[in-house]
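Report on the following structure.
The values are calculated or read from the model by the stated rules, or taken from the named source; none is laboratory data. Here the structure is a predicted model, which is why all the values come from computation and not from measurement. Heads up, the Cβs are rebuilt from the backbone with ideal geometry, glycines too, and the neighbour counts pull from every protein chain shown.
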Amino acid sequence: MPTPDPFGTLDAAIAKAATPQERAALLVQVAARLAALGAGMVETASATAPAEDQQLSVQQAAARIGVSTSYVYHNAKRLPGVARIGRRLVISARACDRLLERNRT
């Protein structure tokens, strides 16, 4: 069974809509369908997007990578994903995970 041509169907609907009011109603229907199609594309794109990185405290990061908090403080400049916010250090959860992966191999 052949697939119906959506543009042929649209052309027929345009030809059938004789008055400006009918054409306006058709335009609203087409816009609604296009918006629904676009929304499906956005949901698909966001579903495949990587999850947002979480910022960990020194205590959380130390527990995650299995070291002491003093180790994190003393090696903050050499550790990846560490940022200083005022006097506070935050560490990227992804950077902790990459560090663990790299040290396992």
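Only helices (runs of 4 or more DSSP H) wholly contained in segment 1-66 count here; list those with 3 or more residues that are at pLDDT 85 or above and either surrounded by 10 or more Cβ atoms within 10 Å (Cβ to Cβ) or among the basic types (Lys, Arg) (or both).
Hits in segment 1-66: 58-65.
Counting only residues that are surrounded by 10 or more Cβ atoms within 10 Å (Cβ to Cβ), not in a helix (DSSP H, G or I) and not β-branched (Val, Ile, Thr), how many does segment 69-87 have? Within segment 69-87, residues that are surrounded by 10 or more Cβ atoms within 10 Å (Cβ to Cβ), not in a helix (DSSP H, G or I) and not β-branched (Val, Ile, Thr) number 7.
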